[in-house]
1. What is the calculated FRET efficiency for D59 to T29, with r their C-beta to C-beta distance and R₀ = 41 Å, to the nearest 0.05?
2. Enumerate the calculated ³J(HN,Hα) couplings along region 28-45 in order (Karplus 6.51 cos²θ - 1.76 cosθ + 1.60, θ = phi - 60°), each rounded to whole Hz, writing x wherever the residue is Gly or Pro.
3. Could you compute the net charge surrounding I44? Neighbours are other residues with a C-beta less than 14 Å from the C-beta of I44; K and R count +1, D and E count -1.
4. Net charge around L71, counting only other residues with Cβ within less than 14 Å of its Cβ (Lys, Arg = +1; Asp, Glu = -1)?
5. From the backbone phi of region 57-71, what are the Karplus-calculated ³J(HN,Hα) couplings (6.51 cos²θ - 1.76 cosθ + 1.60, θ = phi - 60°) in whole Hz, Gly and Pro given as x?
6. Lys/Arg Cβ at +1, Asp/Glu Cβ at -1, dipole of the chain taken about the Cα centre: which of N77, I44, T21 is farthest positive-ward?
7. Run the quick spin-label model on A13 and N51: label points 7 Å from Cα toward the beta carbon, then report their separation in nm to one decimal.
8. Between rounded, prolate and oblate, where does the chain land on the alpha carbon gyration tensor, with a ≥ b ≥ c its root eigenvalues, rounded for a/c under 1.5, else prolate if a/b exceeds b/c?
Amino acid sequence: MGAATTSTDDASATTDDATTTADDANATTGDASGSIGDADIMLIDACAILNDVNGSMDDANRTVDDAYCTLDYAHANLELSSCTQFVVWKEK
C-alpha cells in the first residue's frame, strides 16, 4: 500500500507542478498582453504626435506658399512700375 500511496503522491506533486507551470504561463501571457496594450497606447500617442507634426508642416508649407505669392505679387508690381516709368519717360 505504501508504494501505491507514494506513486499517487508523486502524481499529485507532478499535477501541482504542471498547474503551477500553467499558472506561470498564464501570468506571463497576461504580462505580455499588458505590454502589448502599453505598446498600443504608445503607438497611438506617437501617431497623434505625428499628426500634429504633419499639421504644423502643412501650416508651414502654407506660410511658404503665401510668402511666394507675396513675392510674385511684388515682382509683378515692380515690373508694372518699371513699365509705367518707362512710358512716362518716353512720353517726356
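All of the numbers you see were taken from the coordinates with simple rules; none came from a lab. It should be emphasised that the depicted structure is a prediction, and the values quoted were computed from it without experimental measurement. When we count neighbours, we look across all protein chains shown, and the Cβ atoms used for this are built from the backbone with ideal geometry, even at glycine.
1. 0.35
2. Per residue, the Karplus-derived 3J(HN,Hα) values read 4, 4, x, 4, 5, 4, x, 5, 5, x, 4, 5, 4, 5, 5, 5, 4, 4 Hz.
3. For residues surrounding I44, the net value is -4.
4. -4
5. 5, 4, 4, 5, 5, 5, 5, 5, 4, 4, 5, 4, 4, 5, 5
6. So the residue we want is N77.
7. Going by the 7 Å Cα→Cβ label model, 5.9 nm.
8. Taking the square roots of the gyration eigenvalues as a ≥ b ≥ c, the chain is prolate.
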